[in-house]
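Undergrad: Structure below; questions to follow.
The values are calculated or read from the model by the stated rules, or taken from the named source; none is laboratory data. If you're wondering where the values come from, they're calculated on a predicted model, not measured in any experiment. Note that each Cβ is placed from the backbone with ideal geometry, even for glycine, and that neighbours are counted across all protein chains shown.
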Amino acid sequence: MAFVRITDLRKRFGDLLAVDGVSFAVEQGHTLALLGPSGCGKTTILRCLAGLEAGDGGSIEIAGTPVFDHDAGVNLLPEQRGLGIVFQSYAVWPHMTVAENVGFPLKVRRVGKAEIAARTGRILDMVGLAEARDKPATALSGGQQQRVALARALVHEPRLVLFDEPMSNLDAQLRARMRMELAVLQERLGFTAIYVTHDQEEAFSLAETVAVMNGGRIETIGDPRSVFARPPTPFVAEFLGLNVHRGRAVRSLPRGAAGGFLVEVALSGDLRVWGVLSGDRPAAAGASVLACTRKEHIAVAKRGGAAPVARPDAAGPPGEQVFGGVARAASFLGLEEQYIIAIDGIEIGAIQPPRGLRAGDAVTVTIRPEDCIVFVAAGAGTGG
Amino acid sequence: MDAPLQAPLQPPLHAPLQAPVGLDTASPAATRRQGGRFAEIALPASGVVIGIALILGPFLATVIRSLIYWDADGPALSANNFAGLFADPRFYQAVGNTVICGIGATLVSCMLGFCLAFLVSRTDMPGRRWFEIFNLVPFFLSPYVGAISWIYLAAPHSGILSRVLSDVFGLPADLIPIYGVGGATWVLSLFYTPYIYLFVIAPMRQMDPALEDAARVHGAGLWTTLRLVTVPLLFPALVSGALIVFVTSAGLFDVPLALASPRGIRTMPTEIFQLVQYPSDFGRAAAFGVVVMAVTILFTVLQRRYIDRRRFETVTGKGYRPRVIALRPGGRAAALALEAAYLGCGVVLPVMALLMVSFSSIWTGKVTAATLTTRNFEYVAFNYHLTQHAILNSLFLAVAGATLGVAISVLQAYYVNRGARRRRALVDAVLSLPLGIPGIILGLGFLILAVRTPLYSTLSIILIAYIARFFPFATRTVSAMVLAINPELEQSARASGATWLQTMRYVLVPLLLPAIVAAWLMLFVIFIRELGATILLYAQGTETISVALVVLSEHSSGFVAALAVIQLVLLLMAFSLFRATRAALIRA
């Protein structure tokens with residue numbers, strides 16, 4: 001049975017529909033990540049869960065107890081929901097020591113002093129802050145304050161812990177370490193977590209379930225691997241950083257046993273690319289479609305001189321399709337290099353191991369049809 | 001933290017954890033639920049409701065009373081009070097004199113305040129750290145006592161300075177025109193200079209030095225830069241300070257009472273005071289009050305509009321260290337001379353005069369061994385009922401008023417920053433209305449309200465009037481601090497299981513402590529010296545120090561000076577406490 005269940009939650013701020021009928025469920029001990037760009041409503045959902053905002057519709061159930069039900073007029077106060085929360089700003093109280101910060105949830109539950117000290121010490125040990133317990137909280141670094149906030153959210157052993165972009169103020173290395181530590185802590189303490197982030201890496205690495213949000217709605221929800229491997233909507237594809245190009249379907253061929261269709265897409269001029277369309281309906285010829293490619297799947301090689309470039313075979317889908325283009329920009333990322341390549345006036349991003357390309361170099365670009373995801377554009381037809 | 005070292009002894013990795021606390025719905029917390037939500041909404045709202053009642057009560061009383069005219073047939077609704085007021089040449093004299101005083105005081109204090117702030121914050125004037133503090137001292141002193149001290153200093157024939165001018169330099173003994181519009185303007189200027197100083201010193205400090213550097217690099221000299229860049233950038237702060245100083249100095253009762261009334265020169269506040277004295281004309285006084293309130297509110301609205309439009313022009317929020325200008329020897333001497341002149345006239349000379357008079361048995365403009373005595377202090381402190389009462393009453397009013405005022409200001413500040421979003425701006429605007437309303441007008445309103453009620457001639461009505469007149473100062477101070485506190489600090493307390501009251505007690509109030517202490521001391525200082533509202537509301541037995549000073553001024557200058565010294569000591573104690581707690585809280 002689901003531990004947290006949100007049903008048709010709605011929240012409006014003035015004219016803005018921040019949360020527009022969101023429903024999901026999280027299993028006990030699991031982590032759900034709410035992933036999306038800023039303003040998509042993910043933090044509002046979290047604040048509704050915590051009781052910091054009251055929804056304008058729908059219901060929220062935690063551990064089988066309704067904590068919010070718009071129609072029944074139920075809305076428990078934040079302190080009655082028995083949660084832990086970690087904010088982006090950490091919200092560590094500057095007038096208290098580390099131990100006072102962490103012991104606070106126990107203090108307001110009228111736990112005895114000795115037990116507060118013991119449990120505070122234990123949790124501080126777990127987050128690696130045992131040494132800092134009597135320091136003023138503001139004397140700590142950002143990463144340490146973040147651990148204080150984490151310890152405070154866990155010390156009263158809540159069964160649900162909410163994370164509101166907890167790591168976006170940390171540097172990349174610290175972020176990676178905290179992710180691992182958080183996973184270990186969750187394994188050990190067994191809490192259920194709902195984790196708001198705009199960082200896909202964070203969402204994919206921490207969560208059993210990822211919900212990608214857009215404009216107050218859940219665009220897609222599923223396990224990280226399938227969401228990552230096959231973004232189910234153009235918005236998700238774009239949000240995950242894929243190249244998205246609009247074109248027109250030329251023809252669709254059934255893929256056979258693999259399911260779906262192979263679609264030839266006309267991008268611009270006579271530039272055509274084959275890709276895969278999921279589902280059981282082919283794209284009508286002339287339909288407006290989107291061709292999406294992951295940057296890592298675009299193979300780039302230097303092209304000697306003005307050597308002729310193979311064009312896709314007009315007869316049928318090739319094993320791989322090769323295009324001629326020009327590198328517009330190259331930036332070195334360390335293990336990889338990012339390129340922007342122009343092919344017949346279309347720009348496409350590619351991330352590859354360093355090839356030593358420079359802006360202006362002539363290149364060949366290779367794309368396998370199965371790496372190109374085709375969507376029939378919303379409101380498809382003849383519109384551009 | 002009684003058993004601190006237990007935790008590390010336990011095996012950290014597999015320590016058995018207690019059963020989850022889980023949801024509190026079945027626990028006693030659930031029974032507190034209604035209470036929690038109730039306190040969260042009702043307490044801040046009650047602060048706002050009290051504030052609005054304190055403003056609307058005297059306001060409506062004054063407006064209604066101004067429309068009631070008594071003639072042979074009894075009371076009737078009419079505009080006769082206004083007609084009578086506008087037909088009276090004394091009204092125009094009073095308004096004219098008050099406007100002249102207000103404009104004069106505003107201009108002088110703007111110039112002085114701006115220069116002093118600039119010297120302290122932007123030059124290497126020697127001792128500027130000390131001057132930075134001392135320039136604020138007049139802010140904490142009583143303007144009434146200041147005016148009396150200046151009478152001791154400059155009264156024709158008997159003033160200390162007048163004596164020096166005539167005895168040593170052979171000048172006429174009535175050279176200094178301390179009585180009248182000029183004298184009142186002078187004393188008001190000395191007291192309002194720190195207001196301007198406070199208004200401009202913060203933006204002067206926070207100004208991005210690059211703004212001035214850019215002018216210098218592009219070819220402007222020091223003076224050109226000052227004229228074309230620095231002063232225009234500080235102009236908004238200066239203008240909004242000037243608007244405030246104009247209304248408050250024009251409405252101040254203390255100084256014209258001491259310096260204009262003795263020569264029969266009419267001003268707005270003293271004229272209203274006269275209208276309430278026997279044979280009183282409350283209707284006309286109320287009509288005068290309505291006119292003053294309308295003008296004051298207009299100015300307050302103008303100031304708010306102006307600030308809203310010009311805010312953040314120079315303040316970028318970063319902690320800049322503005323460029324310090326190295327003064328040449330001549331400039332240094334001039335800077336020190338200005339500081340010495342201001343502090344001399346604003347603090348040293350008046351305090352010296354007070355001390356001299358308070359230790360003299362009779363006052364002739366000189367201190368001699370024959371007239372030296374401590375009898376004034378003994379009498380005022382131990383033998384005289386009026387002054388003893390007055391000291392105790394003032395202390396009670398200041399402590400109780402500051403405590404109650406700060407309490408409602410915290411609730412209001414919470415409401416204005418955390419409450420229902422839609423009503424905030426309106427509530428904030430309404431709650432700051434009394435900021436510029438003269439004390440004597442508010443006193444008049446409460447007098448009209450309290451007549452024929454048990455509150456009449458009690459300390460309580462004075463207490464209520466004090467809070468009504470001055471709570472916005474506390475609310476502003478506290479509100480600025482609430483604004484700076486991230487609401488997530490409170491929200492994480494709620495999510496951690498704390499009720500609203502616990503969150504206030506353990507999180508918000510401790511964080512607000514510096515503002516709460518500052519606001520309390522500010523109200524204490526204001527209440528210890530308040531005169532304008534008290535003068536209309538006191539009765540036998542409820543005199544305050546300031547009222548006793550006025551009453552005694554007709555009898556003995558020695559007693560007045562001794563009592564003024566006692567008041568001065570109380571004010572300076574509050575000032576040093578203000579400095580000390582400020583330093584301590586900032587360190588913490």
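Undergrad: Can you give me the number of residues within segment A:130-153 that are surrounded by 22 or more Cβ atoms within 10 Å (Cβ to Cβ) and either more than 9 Å from chain B (Cβ to nearest Cβ) or basic (Lys, Arg) (or both)?
TA: Qualifying residue count for the region: 9.
Undergrad: Looking for whichever is within 14 Å of chain B (Cβ to nearest Cβ) and of a type in the set (Asp, Glu) here; the options are A:Glu208, A:Glu181, A:Glu201. Which one fits?
TA: Just one listed residue meets the conditions, A:Glu181.
Matching residues to (1) aliphatic (A, V, I, L, M); (2) surrounded by fewer than 14 Cβ atoms within 10 Å (Cβ to Cβ); (3) assigned to a strand (DSSP E or B); (4) modelled with pLDDT under 85:
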site	(1), (2), (3), (4)
A:Val265	yes, no, yes, no
A:Trp274	no, no, yes, no
A:Gly279	no, yes, no, yes
A:Ala283	yes, no, no, no
A:Cys292	no, no, yes, no
A:Val300	yes, no, yes, no
A:Arg311	no, no, no, yes
A:Pro317	no, no, no, yes
A:Gly324	no, no, yes, no
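Undergrad: Any residue in segment A:26-46 that is charged (D, E, K, R) and out of contact with any Phe, Trp or Tyr (no Cβ under 9 Å at 6 or more places or on another chain)?
TA: There is at least one residue in segment A:26-46 that is charged (D, E, K, R) and out of contact with any Phe, Trp or Tyr (no Cβ under 9 Å at 6 or more places or on another chain).
Undergrad: Could you pull out every one of the strands (runs of 3 or more DSSP E) wholly within segment A:10-125 that has 1 or more residues that are within 12 Å of chain B (Cβ to nearest Cβ), modelled with pLDDT of 90 or more and within 28 Å of A:Glu187 (Cα to Cα)?
TA: Result: A:57-62, A:65-69, A:84-86.
Undergrad: In this structure, does A:Ala229 turn out to be free of Cβ contacts under 8 Å to residues at least 24 places away in the same chain and among the aliphatic types (A, V, I, L, M)?
TA: yes
Undergrad: For segment B:258-268, enumerate the residues that are surrounded by fewer than 24 Cβ atoms within 10 Å (Cβ to Cβ), assigned to a helix (DSSP H, G or I) and touching a residue at least 60 places away in the same chain (Cβ under 8 Å).
TA: Selection gives B:Pro262, B:Arg263.
Undergrad: Here's something else I'd like to know. Take residues that are over 21 Å from the mean Cα position of the chain (by Cα) and without any contact (Cβ under 8 Å) to a residue 12 or more places away in the chain and tell me which of the helices (runs of 4 or more DSSP H) falling wholly in segment B:326-417 contain 3 or more.
TA: In segment B:326-417, the matching helices (runs of 4 or more DSSP H) lie at B:329-343.
Undergrad: Considering A:Ile340, A:Ile298, which residue is free of Cβ contacts under 8 Å to residues at least 24 places away in the same chain and out of contact with any Phe, Trp or Tyr (no Cβ under 6 Å at 6 or more places or on another chain)?
TA: A:Ile340
Undergrad: Go through segment B:521-550 residue by residue and tally those that are in contact with a helix residue (DSSP H, G or I) (Cβ under 9 Å, 6 or more places away or on another chain) and either within 14 Å of another protein chain (Cβ to nearest Cβ) or of a type in the set (Gly, Ala, Ser) (or both).
TA: 5
Undergrad: Within segment B:272-283, can you find the residues that are more than 17 Å from B:Ser553 (Cβ to Cβ) and either touching a strand residue (DSSP E or B) at 6+ places or on another chain (Cβ under 9 Å) or surrounded by fewer than 24 Cβ atoms within 10 Å (Cβ to Cβ) (or both)?
TA: Once the filter is applied, which keeps residues that are more than 17 Å from B:Ser553 (Cβ to Cβ) and either touching a strand residue (DSSP E or B) at 6+ places or on another chain (Cβ under 9 Å) or surrounded by fewer than 24 Cβ atoms within 10 Å (Cβ to Cβ) (or both), segment B:272-283 yields B:Leu275, B:Val276, B:Tyr278, B:Pro279, B:Ser280, B:Asp281, B:Phe282, B:Gly283.
Undergrad: Also, quick follow-up: Run down A:Leu129, A:Leu154, A:Leu174 and say which single residue is within 18 Å of A:Thr31 (Cβ to Cβ), modelled with pLDDT under 95 and not basic (Lys, Arg).
TA: Going through A:Leu129, A:Leu154, A:Leu174 in turn, the sole match is A:Leu154.
Undergrad: With the condition kept exactly as written, say whether any residue in segment B:426-445 is over 30 Å from B:Val551 (Cα atoms), in a loop (DSSP other than H, G, I, E, B) and within 14 Å of chain A (Cβ to nearest Cβ).
TA: no
Undergrad: For a quick check of your reading of the model, give me the residue pairs whose first member lies in segment A:236-257 and is closer than 30 Å to A:Glu201 by Cα, whose second is of a type in the set (Gly, Ala, Ser), with beta-carbon atoms closer than 6 Å and at least 6 apart or on different chains.
TA: Every condition considered, the pairs that remain are A:Asn243/A:Gly349; A:Val244/A:Ala237; A:His245/A:Ala291; A:Gly247/A:Ala266; A:Gly247/A:Ala291.
Undergrad: Moving on to the next point. Going by the conditions given, is B:Ala518 more than 14 Å from chain A (Cβ to nearest Cβ), touching a Lys or Arg at 6+ places or on another chain (Cβ under 8 Å) and surrounded by fewer than 24 Cβ atoms within 10 Å (Cβ to Cβ)?
TA: Answer is yes for this residue.
Residue-by-condition table, conditions (1) modelled with pLDDT of 85 or more; (2) under 30 Å from B:Ile464 (Cβ atoms); (3) within 14 Å of chain A (Cβ to nearest Cβ):
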position	(1), (2), (3)
B:Pro4	no, no, yes
B:Ala15	no, no, yes
B:Val21	no, no, yes
B:Ile41	yes, yes, yes
B:Ala45	yes, yes, no
B:Thr98	yes, yes, no
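Undergrad: Tell me yes or no: at least one residue of segment B:425-441 is modelled with pLDDT of 90 or more, among the β-branched types (Val, Ile, Thr) and in contact with a Ser or Thr (Cβ under 9 Å, 6 or more places away or on another chain).
TA: Within segment B:425-441, one or more residues are modelled with pLDDT of 90 or more, among the β-branched types (Val, Ile, Thr) and in contact with a Ser or Thr (Cβ under 9 Å, 6 or more places away or on another chain).
Undergrad: Take segment B:201-247 and flag every residue that is of a type in the set (Val, Ile, Thr) and out of contact with any Ser or Thr (no Cβ under 9 Å at 6 or more places or on another chain).
TA: Selection gives B:Val217, B:Thr224, B:Thr225, B:Val229, B:Thr230, B:Val231, B:Val239.
Undergrad: Touching a Lys or Arg at 6+ places or on another chain (Cβ under 8 Å), surrounded by 21 or more Cβ atoms within 10 Å (Cβ to Cβ) and of a type in the set (A, V, I, L, M): which single residue out of B:Ile448, B:Ile467 fits that description?
TA: B:Ile448
Undergrad: Further, regarding this structure: In segment B:219-234, how many residues are exposed (fewer than 15 other Cβ atoms within 10 Å of the Cβ) and in a helix (DSSP H, G or I)?
TA: 7
Undergrad: Considering only segment B:122-159, state which residues are of a type in the set (Ser, Thr, Tyr) and modelled with pLDDT of 90 or more.
TA: Answer for segment B:122-159, where residues must be of a type in the set (Ser, Thr, Tyr) and modelled with pLDDT of 90 or more: B:Ser142, B:Tyr144, B:Ser149, B:Tyr152.
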